[in-house]
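A short write-up of the structure that comes next.
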Amino acid sequence: MVRAVVGANWGDEGKGKITDMLGQESDIIVRFQGGANAGHTIVNDYGKFALHTLPSGIFYGHTTSIIGNGVALNIPILFNELKEITSKGVPAPKILISDRAQIVMPYHVAFDCYEEERLGKNSFGSTKSGIAPFYSDKYSKIGFQINELYDDIDYLKEKIARTLEVKNATLKNLYNKPPISVDEIFNKLMEYRDALAPYVADTFTFLHDACKDGKNILLEGQLGSLKDTDFGIYPMVTSSNTIAGYGAVGAGGIPPYEIKDIVTVVKAYSSAVGAGEFVSEIFGEEADELRRRGGDGGEFGATTGRPRRMGWLDLVATRYGCRVQGATQVAFTVLDVLGYLDEIPVCVGYELDGEEIDYFPSTTKLKRCKPILKKLPGWKCDISGIKNYEDLPENCRNYIEFAEKEIGVPITMVSNGPAREDIIYR
Ligand code: GDP
């Protein structure tokens, strides 16, 4: 059975924890899109980890972790992460990297930085991980697939030279930066070739066979629906599709109809990183307090350490986010954080040009939307440690059930703490 764990919001919903939990029942865990521009935070017996590239399944001895063809692979980050986890006592995981995955080149990271600098106040708030330049090159057909490292070296050199012609012209004329030499890139790729060799595999065939054999496969999404290139708050989105459906492309070998279960992670309040529309955003002391108390040790980016933008649970955006994913069930996370509030505002509609709407519009209209808030009574206590749904305070259950009704998808799991075992099944 193929199951996906994806986010309904702007990312940072707690997918890492849910993936880590569901990893226990999985044979194979696959990352299928994105790159090191987002991170999953996982707390388990080995410690606390921020993973940017490795699949969250690497902590289990029985799983195979796959980096799919849809991923933007930053090779130095991959090896740093591997070193970090093994130095903390995690046994060396079984990892396969798709021979069709493409490489984040050193100049992708540089171009991301230069472009954000050039854009100044109009910048995207990029994590400067090279993701937008990477995907631009991929679709411009000047990216480098891993298999190319093991083929005709002369051809590879010639392709690097061809690609650098364009890059160097831009460096010189647009960014006023020094050019990059063919040898520098070629030598780097040769380094990558040797380091990657033990991991590179035809993951398409591996996953195709695994599907046929009825293995449990978990697709691990990055970011959330509202950052999807097509369905998110374009252009303030990420440069890959964050939706479960894309798993059939970015994992490779998995037919779309095999993705039977789409666990969509929804955070009990909202946070976002980077620029872009965020209708239920809050500011000032109200936001600072939620940020301070949020997540596991505050709402600060796992990749950049930047303070996240904060807001109340946006049920309009979340309903849409779940539809975009094709959610079959919802995992409702970080609920324990809200225990300090007397009343909890939730966004139940948008006001657009004086009219109330209940759908999530495209960006030009979204810019004009104002939140319509409803206040639900708080429960004013610490719910961490509770294991049974019935033991949650009544107001807390009412909050969950109100959200479930508005979202229109069953909330089957409630997360009330960062650890693997902090979960309530309904
Ligand atoms: P991801 O990218 O979707 O995996 O999310 P992040 O890892 O960036 O953010 C989730 C943060 O919340 C992490 O610090 C988690 O350890 C933490 N977290 C996840 N679930 C819960 C929960 O139920 N309660 C609390 N307090 N923290 C949680």
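The values are calculated or read from the model by the stated rules, or taken from the named source; none is laboratory data. Because the structure is a prediction, the values reported are computed rather than measured. Note that we place each Cβ from the backbone using ideal geometry, even for glycine, and neighbour counts take in every protein chain shown. Side chains included, ligands, DNA and RNA excluded: accessible areas come from the protein's heavy atoms. Shrake-Rupley method; radii C 1.70, N 1.55, O 1.52, S 1.80 Å.
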- Item | Positions within segment 130-150 being open to solvent by 20 Å² or more (accessible area, probe 1.4 Å) and of a type in the set (Asp, Glu), in sequence order | GLU148
- Go through segment 95-150 and give me each residue that's within 18 Å of THR203 (Cβ to Cβ) and either at pLDDT below 95 or part of a helix (DSSP H, G or I) (or both). LYS138, ILE146, ASN147, GLU148, LEU149, TYR150
- segment 282-300, residues that are in contact with a helix residue (DSSP H, G or I) (Cβ under 6 Å, 6 or more places away or on another chain), surrounded by fewer than 24 Cβ atoms within 10 Å (Cβ to Cβ) and among the charged types (D, E, K, R): ARG293
- Query: Just one of LEU207, LEU226 is part of a helix (DSSP H, G or I) and under 30 Å from ASP288 (Cα atoms); which is it?
  - Reply: LEU226
- Task: Report yes if some residue within segment 381-392 is at pLDDT 95 or above, touching a helix residue (DSSP H, G or I) at 6+ places or on another chain (Cβ under 8 Å) and closer than 24 Å to THR229 by Cβ; otherwise report no.
- Result: no
- Query: Applying the selection to segment 43-76, what residues are open to solvent by 10 Å² or more (accessible area, probe 1.4 Å), part of a strand (DSSP E or B) and within 16 Å of the ligand (Cβ to nearest atom)?
  - Reply: VAL43, ASN44, GLY47, LYS48, ALA50
- Name the residues in segment 77-93 that are within 22 Å of GLY301 (Cβ to Cβ) and either surrounded by 22 or more Cβ atoms within 10 Å (Cβ to Cβ) or of a type in the set (Val, Ile, Thr) (or both), would you? ILE77, LEU78, ILE85
- If you go through segment 301-355 one residue at a time, how many are open to solvent by 30 Å² or more (accessible area, probe 1.4 Å), at pLDDT 95 or above and assigned to a loop (DSSP other than H, G, I, E, B)? 5
- Item | Tally, over segment 94-126, of residues that are buried (at least 19 other Cβ atoms within 10 Å of the Cβ), of a type in the set (Ser, Thr, Tyr) and over 18 Å from LEU164 (Cα atoms) | 2
- Note on the structure: Log entry, pairs with first residue in segment 232-257 being free of Cβ contacts under 8 Å to residues at least 24 places away in the same chain, second being open to solvent by 40 Å² or more (accessible area, probe 1.4 Å), beta carbons closer than 8 Å, six or more apart or on different chains, reads ALA248/PRO256; ALA248/GLU258; PRO256/GLY245
- Item | Unmet criterion (only one of (1) within 16 Å of the ligand (Cβ to nearest atom); (2) open to solvent by 50 Å² or more (accessible area, probe 1.4 Å); (3) part of a helix (DSSP H, G or I)) for ILE400 | (2)
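Quick one: would you say ASP27 is without any contact (Cβ under 8 Å) to a residue 24 or more places away in the chain, open to solvent by 10 Å² or more (accessible area, probe 1.4 Å) and either closer than 24 Å to TYR135 by Cβ or not hydroxyl-bearing (Ser, Thr, Tyr) (or both)?
So ASP27 fails the test.
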- For segment 412-423, which residues satisfy the criterion of being crowded, with 21+ Cβ neighbours inside 10 Å and in a strand (DSSP E or B)? VAL414, SER415
- Just name the residue that is nearest to VAL43 (Cα to Cα) out of those in segment 279-335 that are touching a residue at least 60 places away in the same chain (Cβ under 8 Å) and among the acidic types (Asp, Glu). ASP296
- Give the number of residues within segment 1-14 that are within 10 Å of the ligand (Cβ to nearest atom), among the charged types (D, E, K, R) and open to solvent by 10 Å² or more (accessible area, probe 1.4 Å). 1
